[in-house]
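J.: The structure under discussion is supplied below as structure tokens; questions concerning it will follow.
The values are calculated or read from the model by the stated rules, or taken from the named source; none is laboratory data. Not measured: the values here are computed from a predicted model. Backbone-built Cβ (ideal geometry, glycine too); neighbour counts: all protein chains shown.
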């Protein structure tokens, strides 16, 4: 689209799309999709073991719901996507990863 319409017009077109379904893509496209899907609170856990003690640390951090690295390594038949909802019929799970 950038080649045919130019960068500015291509971005306008991409930003008005409500429903997105994509298979494996890399580079700027994967990054753009990841940013479009947004961020969510993710739980993290780390374990430290030494000779006298074991400690478990838990935390939450804001991270991409679907990282670009995941989008760029999708297998055949795997898709990521986001669906638009209606203000009167909210969809709880708008962003997804699925396999056919």
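J.: For region 1-37, give me each residue that is in a loop (DSSP other than H, G, I, E, B), under 19 Å from residue 85 (Cβ atoms) and touching a residue at least 24 places away in the same chain (Cβ under 8 Å).
T.: Restricting attention to region 1-37, the residues satisfying the condition of being in a loop (DSSP other than H, G, I, E, B) are 1, 6, 16-19, 23-26.
From the residues that got through so far, the ones that are under 19 Å from residue 85 (Cβ atoms) too are 16-19.
The answer is 18, 19.
J.: Return only the number of the condition from (1) exposed (fewer than 11 other Cβ atoms within 10 Å of the Cβ); (2) out of contact with any helix residue (DSSP H, G or I) (no Cβ under 9 Å at 6 or more places or on another chain) that residue 3 does not satisfy.
T.: Among (1) exposed (fewer than 11 other Cβ atoms within 10 Å of the Cβ); (2) out of contact with any helix residue (DSSP H, G or I) (no Cβ under 9 Å at 6 or more places or on another chain), the lone unmet condition for residue 3 is (2).
J.: Between 45, 41, which is under 14 Å from residue 95 (Cβ atoms), modelled with pLDDT of 90 or more, in contact with a strand residue (DSSP E or B) (Cβ under 7 Å, 6 or more places away or on another chain) and loosely packed, with under 10 Cβ neighbours inside 10 Å?
T.: Numbers: 45 fails: under 14 Å from residue 95 (Cβ atoms).
Only one candidate qualifies: 41.
J.: Now for a different question. Can you name every residue in region 59-99 that is touching a residue at least 40 places away in the same chain (Cβ under 8 Å), assigned to a strand (DSSP E or B) and within 20 Å of residue 27 (Cβ to Cβ)?
T.: 78, 79, 80, 81, 82
J.: Moving on to the next point. Quick check: anything in region 38-49 outside any strand (DSSP E or B) and within 11 Å of the chain's Cα centre (by Cα)? If you could, list the steps in order and put the result at the bottom.
T.: Kept after step one, since they are outside any strand (DSSP E or B), are these residues of region 38-49: 38.
Keeping just the survivors that are within 11 Å of the chain's Cα centre (by Cα) gives 38.
Scanning region 38-49, I find at least one residue that is outside any strand (DSSP E or B) and within 11 Å of the chain's Cα centre (by Cα), so the answer is yes.
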